[in-house]
1. Specify whether the C-alpha gyration tensor of segment 51-112 places it in the rounded, prolate or oblate class, a ≥ b ≥ c being the square roots of the eigenvalues: rounded for a/c under 1.5, otherwise prolate if a/b is larger than b/c and oblate if not.
2. Lys93: which lysines have alpha carbons under 23 Å from its alpha carbon, excluding same-chain residues fewer than 8 sequence positions away?
Amino acid sequence: MKTRNSIARDLTLGIAVSVVVFVCALAWGGPFLAAARAGATPAQAQSNQAQSTTFKGTIMRNGEQFVLRETSGQIYRLDDPQHAQPFEGKAVKVTGRLDTEAKLIHVQRIESGTA
């Protein structure tokens, strides 16, 4: 028969191991939980993010960076300042991949256009 101290020790050890496993599962599963909430698998989330999209708006300077102020009012950072600089203050169409978490457009092409 186990003594009271050994039962308490075993119970404490079991709880500690369970907590460690739970914390590790949360840390590892974080990227997958966001995709599940959006109703997509991680592979679908990546493929959706990898598709090019066209945005219409005006290019503006924000310090050293350039941003696109979309016609809806949404603002996205642009990852290619050299490409964006000639279009500063102009209505444009920007084609690129959107990183929704960073609100950053990976620019593929910028064209003059009506916003």
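Each reported figure results from applying straightforward, stated rules to the coordinates on display, with no laboratory input. Keep in mind it's a predicted model, so treat the numbers as computed, not measured.
1. rounded
2. List returned: Lys56, Lys103.
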